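Asks: Please find one structure pasted underneath; my questions will follow.
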Amino acid sequence: MGDVSLPEGKASLRLRRAAEGDRQLLFAWANDETVRRMSFSGAPIAWAEHVRWLDAKLQDPACKLYLLTEADGIPLGQLRLEFGTQREAILSISIAAEHRGRGWGAAAIRLGAEEAGRMPGVAVVHAYVKPENAASIRAFARAGFDPPVRLRHSGQAALRMSLGLDAPGARSAPGMAAPGPGREASR
Ligand SMILES: CC(C)(COP(=O)(O)OP(=O)(O)OC[C@H]1O[C@@H](n2cnc3c(N)ncnc32)[C@H](O)[C@@H]1OP(=O)(O)O)[C@@H](O)C(=O)NCCC(=O)NCCS
C-alpha cells in the first residue's frame with residue numbers, strides 16, 4: 001500500500017475529536033444534499049434529532065467522532081469510527097462540499113484507518129458505500145481499501161470496502177504524523 005498524498009500545496013491534515021461546540025457545523029454537513037443522498041438513511045435531519053444523536057455519539061465508548069481540519073484549523077469535514085465486536089471499525093466520512101474533489105477525502109480516509117489501527121484489537125476497517133457513490137468508492141480505493149464487495153446494508157444494496165490492518169504498511173502511511181485523541185499533531 002502506498003502513500004496518499006495531500007492536495008497540492010497543502011502540508012498537513014489534522015484529525016481532532018469532535019465536541020459539543022461542533023454541533024452546528026456537524027448539523028450543516030449532515031444535511032448537505034449529497035451527504036443525505038449518499039447516506040443509507042436519506043431523510044433530512046431535524047435539529048433536536050441531531051442534538052440527541054451527537055450527545056449519544058460523544059458519550060459512546062464504541063464511537064470516535066473527529067473533525068478534519070487543515071493545519072490552520074479550517075474545517076474540512078468529519079470522520080467517524082464505530083467499533084464492533086468482530087475486531088472491526090466502520091469508517092464513515094464526509095468532506096464539506098466546497099472542499100471535495102481535491103484529494104482531502106482519500107487522505108482523510110487513510111488517516112482515519114491509521115487511527116483505527118491504534119485501537120487495541122482492531123484488525124480491519126470497513127466502509128459501507130452506496131453503489132452509485134463513485135467519489136466515495138474511488139476515495140476508499142485510493143486510500144488502499146480492497147475492491148468493493150456487494151452485499152446488503154440497512155436493507156439496501158451496498159458495497160463494502162475493507163482495509164486489513166495487518167497488511168504491510170497499513171498502520172502507518174508515509175508523510176502523515178501519528179494522530180491521537182486530544183493531540184494537536186499534524187495528521
Ligand atoms: C466521498 C467523499 C468523502 C470523497 O472526498 P473528496 O475529497 O471529494 O475525494 P478526493 O478528492 O480524495 O477524490 C477521491 C477520488 O474520487 C474521485 N472523485 C471525486 N469526486 C468525484 C465524483 N463526483 N465522481 C466521481 N469521482 C469523483 C477523484 O477524482 C479521486 O479519484 P482518483 O483517486 O482516481 O483521482 C466526498 O465526496 C463526500 O463527502 N461525499 C458525500 C458524503 C459521502 O458520500 N461519504 C461517503 C460515505 S462513507
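Asks: Looking at (1) under 21 Å from Val35 (Cβ atoms); (2) assigned to a strand (DSSP E or B), which one does Ala107 not meet, given that it meets all the others?
Replies: Tallying (1) under 21 Å from Val35 (Cβ atoms); (2) assigned to a strand (DSSP E or B), Ala107 fails exactly one: (2).
Asks: With the requirement that a residue be in contact with a strand residue (DSSP E or B) (Cβ under 9 Å, 6 or more places away or on another chain) and either without any contact (Cβ under 8 Å) to a residue 24 or more places away in the chain or assigned to a strand (DSSP E or B) (or both), what does segment 1-29 give you?
Replies: Those that are in contact with a strand residue (DSSP E or B) (Cβ under 9 Å, 6 or more places away or on another chain) and either without any contact (Cβ under 8 Å) to a residue 24 or more places away in the chain or assigned to a strand (DSSP E or B) (or both): Leu13, Arg14, Leu15, Arg16, Arg17.
Asks: Determine which member of the set Leu76, Leu54 is in a helix (DSSP H, G or I), within 17 Å of the chain's Cα centre (by Cα), of a type in the set (A, V, I, L, M) and surrounded by 12 or more Cβ atoms within 10 Å (Cβ to Cβ).
Replies: After ruling out the rest, the residue left standing is Leu54.
Asks: Six or more apart or on different chains, Cβ atoms under 7 Å: show the pairs whose first residue is in segment 86-114 and touching a residue at least 12 places away in the same chain (Cβ under 8 Å) and closer than 16 Å to Val4 by Cα and whose second is of a type in the set (D, E, K, R) and more than 7 Å from the ligand (Cβ to nearest atom).
Replies: Leu111/Arg187; Glu114/Arg171
Asks: Another question, if that's okay. Looking only at segment 134-153, decide whether some residue is within 16 Å of the chain's Cα centre (by Cα), surrounded by 13 or more Cβ atoms within 10 Å (Cβ to Cβ) and modelled with pLDDT under 95.
Replies: Checking segment 134-153: not a single residue is within 16 Å of the chain's Cα centre (by Cα), surrounded by 13 or more Cβ atoms within 10 Å (Cβ to Cβ) and modelled with pLDDT under 95.
Asks: Right, another one. Quick one: is Leu67 within 14 Å of the ligand (Cβ to nearest atom) and either under 21 Å from Pro7 (Cβ atoms) or in contact (Cβ under 8 Å) with a residue 60 or more places away in the chain (or both)?
Replies: In short, yes.
The values are calculated or read from the model by the stated rules, or taken from the named source; none is laboratory data. This one's a predicted model, so the numbers in the text were calculated from it and none came from an experiment. As a convention, Cβ positions derive from the backbone with ideal geometry for all residues, glycine included, and neighbour counts pool all protein chains shown.
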